[in-house]
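Enquirer: One structure, pasted below without further comment.
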Amino acid sequence: MASSPDCTAPARERAAPSFYNLAWRWHFYAGLFVIPFMILLSVTGIIYLFKPQLDTWLYPHLMLAPASEQRVSADQQLALVEQLYPGATLSKYLPPVGEGRSAQFVIERDGRLLNLFVDPYRGTLLGEQDAQWNLQAVARTLHGDLMIGTLGDRLIELAAGWGIVLVVSGLYLWWPRGSNPAGVLWPRLHARGRLLWRDLHAVTGFWGSLLLLFMLLTGMTWTGFWGAQFAGAWNQFPAAMWDDVPKSGQLAGSLNSSREQTVSWAAEVTPLPASDPHAAHRGHAGHDQGPAAPRISLQQVVDTADARGVQRGYSISFPQGASGVYSVALFADDPRNDATLHLDQYSGAVLADVRWADYGMVARAVESGVKLHEGKMFGLANQILMALVCLLIIFSAVSGLVIWWKRRPAGRLGVPPLRHDLPRWKTAIGVMIALGMIFPLVGASLLLMWALDRSLGLLPSTRLAS
């Protein structure tokens, strides 16, 4: 939030109609709603940014395994897990990402999701971890849906949309209206009180505005409502890719959750194929409806992924049900290495193989933006840059609260007055309608805010003294 026009200014100046007043009112409402979410998203974002370093630092006994010439196959690792956790449902297998790293299984047992870490050199269990209640899982789930599912996802989307309103209105409030660059391009550090806080808030917000918009827009692509509509409209693949592939009726995005990302954004809208339990008997008389063929080995899936050049760091989702498929997914740090493969669980045939070359221009732009957002594309430098943006967001939120607290009348909310004879009100309405159309949840909340504002405006206690 930014400071309002000085309430101690001469009455003649305060009475002059100003588009500035209307922009400040938008900024106030947006900040009031957005600030708690922006602080939460920034803190959880910083935690997730440094996931590789934090995981190794917090759980070295699980993540690391002394390298050896001897290796244990994926099937032997699977046999160990099945022996130690009989009756558990297998969800995923993650081969070691490199030398000296453990392999990982994700299982469900007695209603709990567990991460199991296996030494791929000695074939021993290194330990287990609650898959839902570890630092990274909690941070990501809070970041994605506040740990309350669809409602949380919609609130996050609404906050991100209003965050865009906050940045746009903040830029208008900041826009120079005089020749003195102090307080506009740099803060007046000699100032004190609300003026200093106003300068710090406005100047840092201006210099970081493009990065803030980048973070908000790239984050919006993952939301469940606007993001899904955006993906459906812009993320298209040739239908011929799946002409001869049996389909399950689900999309590959069903493999993702707020807790964990499995397939890339681009691959989310692709069909999830189905396995044919009787494929092995086709063409043999009397066997068209025979018993289901045996499932291929896990090591065969690993060998297929390696043979097709999928870089390590991928996960293998186990088939769920008789028609389920093995899904090999690499959501790579460099999106040009993304890969999504689906294998028939009986024949081992590759039913689909989606790569960067299959992505359209929008999908490539979004995937690249998401990787920058997550701090993964350019290593540590990318992580540090995004962490600084998160700290900037936290500072903007805190400084906005300080400005509001210092300027609000005692015992009142401090909603800035809104004149109805503003000279450019049509432009204002046009901007808000455009944002409401682009982001429907923002549009719906604008209508609600308008209704509440009119209702509250009837109460003298909600108005600022003139």
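The values are calculated or read from the model by the stated rules, or taken from the named source; none is laboratory data. The model shown is predicted, which means the values in this text are computed figures rather than measured ones. We place every Cβ from the backbone using ideal geometry, glycine too, and count neighbours over all the protein chains shown. Only protein heavy atoms, including side chains, enter the accessible area calculation; ligands, DNA and RNA are left aside. Shrake-Rupley method; radii C 1.70, N 1.55, O 1.52, S 1.80 Å.
Enquirer: Multiply the residue separation of TRP57 and SER297 by 0.36 nm, subtract the distance between their alpha-carbon atoms, and state the gained length in nm to one decimal.
Expert: Net length gain for the segment: 83.1 nm.
Enquirer: Please work out the FRET efficiency for the pair SER73 and TRP242, using the Cβ-Cβ distance as r and a Förster radius of 22 Å; give the result to the nearest 0.05.
Expert: Efficiency, rounded to the nearest 0.05: 0.10.
Enquirer: If you don't mind, there's one more thing I want to ask. Among 351-357, 380-386, how do they line up from the highest to the lowest mean number of other beta-carbon atoms within 10 Å?
Expert: So the order, starting with the most tightly packed, is 351-357, 380-386.
Enquirer: Place the peptides 262-270, 306-314 in order of packing, highest mean first, counting for every residue the other Cβ atoms within 10 Å and averaging per peptide.
Expert: Top of the packing list down: 262-270, 306-314.
Enquirer: Shifting gears a bit: Mind ordering 100-112, 34-46, 52-64 by average Cβ neighbours within 10 Å, highest first?
Expert: 34-46, 100-112, 52-64
Enquirer: Expressed in whole Å with the largest first, what are the equivalent ellipsoid semi-axes of segment 174-245 derived from the C-alpha gyration tensor as the square root of 5 times each eigenvalue?
Expert: Square roots of five times the eigenvalues give 47, 12, 8 Å.
Enquirer: Next question, about the same structure. Could you tally the net charge around GLU108, taking each other residue with its Cβ under 15 Å from the Cβ of GLU108, Lys/Arg +1 and Asp/Glu -1?
Expert: -1
Enquirer: Mind checking the full-extension length gain between THR204 and MET147? Use 0.36 nm per residue of separation minus the Cα-Cα distance, one decimal, nm.
Expert: Computed gain between THR204 and MET147 is 17.4 nm.
Enquirer: Straight-line reach only, C-alpha to C-alpha below 20 angstrom: list the lysines that LYS51 could link to, leaving out same-chain residues fewer than 8 apart.
Expert: LYS92, LYS371, LYS376
Enquirer: If Lys and Arg each add +1 and Asp and Glu each add -1, what is the summed charge of the other residues whose beta carbon sits under 12 Å from the beta carbon of GLY87?
Expert: Charge balance near GLY87 sits at -2.
Enquirer: Under 15 Å Cα-Cα from LYS406, which aspartates and glutamates qualify once same-chain neighbours fewer than 8 residues away are excluded?
Expert: Leaving aside aspartates and glutamates fewer than 8 places away in the same chain, those within reach of LYS406 are ASP6, ASP199.
Enquirer: Working out 0.36 nm times the residue gap between GLU82 and SER254, then minus their Cα-Cα distance, what length gain in nm do you get to one decimal?
Expert: Full-extension gain reported as 59.4 nm.
Enquirer: Quantify how much of the Cα-Cα distance distribution of segment 366-410 extends past 16 Å, in percent.
Expert: The proportion of pairs with Cα distances above 16 Å equals 53 percent.
Enquirer: In µm²/s, what is D for segment 223-366 at 37 °C and 0.692 mPa s, where D = kT/(6 pi eta Rh) by Stokes-Einstein and Rh is the Kirkwood radius from Cα pairs?
Expert: This corresponds to a translational diffusion coefficient of 206 µm²/s.
Enquirer: Ok, one more. Using the Cβ atoms and a cut-off under 15 Å, what net charge is assigned to the surroundings of ARG140, where Lys and Arg are +1 and Asp and Glu are -1?
Expert: -3
Enquirer: Quick check: convex hull over the Cα atoms of segment 207-276, volume per residue in Å³, rounded to an integer?
Expert: Taking the convex hull of the Cα positions in segment 207-276, it is 103 Å³ per residue.
Enquirer: Let me ask something else. Report in % the part of the accessible area of segment 13-146 that belongs to carbon and sulfur, leaving out ligands and nucleic acids; probe 1.4 Å.
Expert: Of all accessible area on segment 13-146, carbon and sulfur atoms account for 59 percent.
Enquirer: How much space per residue, in cubic angstrom, does the convex hull of the C-alpha atoms of segment 29-71 take up?
Expert: Value for segment 29-71: 81 Å³ per residue.
Enquirer: Follow-up. Would you grab the residues whose amide H sits under 5 Å from the one on ARG101? Only those 5+ places off in sequence or on another chain, please, with H modelled 1.01 Å from N.
Expert: ALA65
Enquirer: Would you calculate the volume per residue, in Å³, of the smallest convex hull containing every Cα atom of segment 27-100?
Expert: Spread over its residues, the Cα hull of segment 27-100 gives 155 Å³ apiece.
Enquirer: Further question: Calculate the spin-label point distance for ARG312 paired with PHE214, positioning each point 7 Å from the Cα along the beta-carbon direction, and give it in nanometres.
Expert: In this crude spin-label approximation the distance works out to 3.1 nm.
Enquirer: Quick one: which residues, 5 or more positions from ALA332 or on another chain, have an amide H under 5 Å from its amide H? H modelled 1.01 Å from N in the peptide plane, none for Pro or chain starts.
Expert: Those qualifying (amide H under 5 Å, at least 5 residues apart or on another chain) are ASP338, ALA339.
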